[in-house]
Amino acid sequence: MQTQTFERMESNVRTYSRSFPVVFSKAQGARLTDENGREYIDFLAGAGTLNYGHNNPELKKALVDYLATDGVVHGLDMWTSAKREYFEALDELILKPRNLDYKIQLPGPTGTNAAEAAIRLARKVKQRHNIVAFTNGFHGITMGALAPTGNRKFRENTGGVPTVGGSFVPYDGYMGDAIDTLDYFEKLLGDKSGGLDLPAAAIVETVQGEGGINVSGLEWLKRLEGICHDNDILLIIDDIQAGCGRTGKFFSFEHAGVVPDMVLNSKSLSGFGLPFSHVLMRPELDQWEPGQYNGTFRGFNLAMITAAAALKQYWSDDTLAKDVQRKGKIVEERFQKLASQLTDAGMPASERGRGLMRGIDVETGDIADKISGKAFEHGLIIETSGQDGEVVKCLCPLTITDEELEKGLSILETAVKEVIGG
Ligand SMILES: *Cc1c(COP(=O)(O)O)cnc(C)c1O
């Protein structure tokens, strides 16, 4: 495989090609194929962007049909039949059945674009600058989204320009199981000399993806909603990675029965790996003036075509949701086994997650990298996350077959055995 072109031309900033240094040429479902024809099971799936698998046939058909009839590809944010089709599908299949009443803002097509837009709107509506974020949270890498993002790797590369407007409080479990971290948040809010500027909003992931599959408790989330409500703070749920069915419900916050003021979606929203994001907001928060926040690529029509097709294909009933919970249990059991094998071998490890968003925390990035590296040698693509990359994380397509899931898990088992064996 010829890789010199990349080595010569691509910026040093590249990431995933370092862990998986082959050239991929084909992808289908939960499988990627490299230029030598070698197949890999994909447990990375675009970091949660391919919940319905690579080149999903139903979605591909909708896309090809739309293109074949000269459907509008780009139209700024003008009305198109594609946009109406998506809005109607979202309303009928997702919002109405869940009793949710949201307006939709289409910012630029990436997750960080949605985080920026929501943060800006919260500040505008509340006329306050501060955004409360949680330790290990990740919301994107542009300056506004960076303020509530915890990881120093990103925070320290601004050339000294401060990332202002964010205050961190500990996420659920951050201080150990015995401490409810919201006691601290609530105490600060009630203390006139606690040092916390009254926030416009709190932004939170229900399961932290990049932060290392940290799972917040359902009561904790419900309590957070109450604290926000009592203190006139908007609750923004960043569902960019945990949403679109990943945890076993379309929105990850449904498990806790909370109703956020704003919701961020991206990654698997188009269903096909096409760039697409939106901010859902309670109608009274829609205080934007026309054109006050813009962007050339707001609402990519091709992405809305596949997004509508994905909703119709997978969210007209609860078949997929139930299947995610079933497969999640399979992964959970296998990960628990691997964690205890590692622990018994003197490498303390534990399993955690919700639905098909799961990880094994092996406590050091070094061990996690070794596991991921060995897995790759045997034909499995699986990445790490967490502050030190210490969590091996499974984000396999939700539509993965049982056979492929089994194959991926047994490769991971082999990798763990090899790492234990030295
Ligand atoms: C990936 C991610 C983002 C950023 O999305 P990009 O498309 O990479 O800008 C924001 N929040 C969460 C929770 C994410 O997982």
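The values are calculated or read from the model by the stated rules, or taken from the named source; none is laboratory data. Here the structure is a predicted model, which is why all the values come from computation and not from measurement. Backbone-built Cβ (ideal geometry, glycine too); neighbour counts: all protein chains shown.
Computed values, structure above
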| item | result |
| --- | --- |
| Selected residue (criterion: surrounded by the fewest Cβ atoms within 10 Å (Cβ to Cβ)) from residues of the stretch 277-300 that are within 16 Å of the ligand (Cβ to nearest atom) and more than 12 Å from ASP77 (Cβ to Cβ) | LEU280 |
| Selected residue [buried (at least 23 other Cβ atoms within 10 Å of the Cβ) and either modelled with pLDDT of 95 or more or among the hydrophobic types (A, V, I, L, M, F, W, C) (or both)] from GLY46, GLY53, GLY29, GLY37 | GLY53 |
| The stretch 214-240, residues that are assigned to a loop (DSSP other than H, G, I, E, B), crowded, with 21+ Cβ neighbours inside 10 Å and more than 11 Å from the ligand (Cβ to nearest atom) | SER216, ILE233 |
| Residue check for LEU67: crowded, with 16+ Cβ neighbours inside 10 Å and touching a residue at least 12 places away in the same chain (Cβ under 8 Å) | no |
| Any hit, the stretch 242-249, residues being touching a residue at least 60 places away in the same chain (Cβ under 8 Å) and outside any loop (DSSP other than H, G, I, E, B) | no |
| Helices (runs of 4 or more DSSP H) contained entirely in the stretch 90-177, each with at least 1 residues that are surrounded by 16 or more Cβ atoms within 10 Å (Cβ to Cβ), at pLDDT below 95 and touching a helix residue (DSSP H, G or I) at 6+ places or on another chain (Cβ under 7 Å) | 143-146, 152-155 |
| Residue within the stretch 118-125 that is out of contact with any Lys or Arg (no Cβ under 6 Å at 6 or more places or on another chain), over 28 Å from GLU284 (Cα atoms) and within 16 Å of the ligand (Cβ to nearest atom) present | no |
| Only listed residue being in contact with an Asp or Glu (Cβ under 7 Å, 6 or more places away or on another chain), touching a residue at least 40 places away in the same chain (Cβ under 8 Å) and among the polar types (S, T, N, Q), chosen from SER216, SER270, SER266 | SER216 |
| Matching entry among GLN336, GLN313, GLN325 (being surrounded by fewer than 24 Cβ atoms within 10 Å (Cβ to Cβ), under 30 Å from ALA415 (Cβ atoms) and either in contact with an Asp or Glu (Cβ under 9 Å, 6 or more places away or on another chain) or at pLDDT below 95 (or both)) | GLN336 |
| Residues within the stretch 136-177 that are hydroxyl-bearing (Ser, Thr, Tyr), farther than 15 Å from GLY212 by Cα and more than 14 Å from the ligand (Cβ to nearest atom), tallied | 3 |
| Residue within the stretch 239-251 that is within 13 Å of the chain's Cα centre (by Cα) and at positive phi present | yes |
| Members of the stretch 305-330 found to be touching a helix residue (DSSP H, G or I) at 6+ places or on another chain (Cβ under 7 Å) and closer than 30 Å to GLY421 by Cα, listed by number | LYS327, ILE330 |
| Any hit, the stretch 115-128, residues being of a type in the set (A, V, I, L, M) and under 21 Å from VAL215 (Cα atoms) | yes |
| In the stretch 23-40, the residues that are over 28 Å from HIS139 (Cβ atoms) and within 20 Å of the chain's Cα centre (by Cα) | GLY29 |
| Residue in the stretch 194-213 that is surrounded by fewer than 17 Cβ atoms within 10 Å (Cβ to Cβ) and in a helix (DSSP H, G or I) present | no |
| Candidates VAL259, VAL263, VAL324 - the one that is assigned to a loop (DSSP other than H, G, I, E, B) and at negative phi | VAL259 |
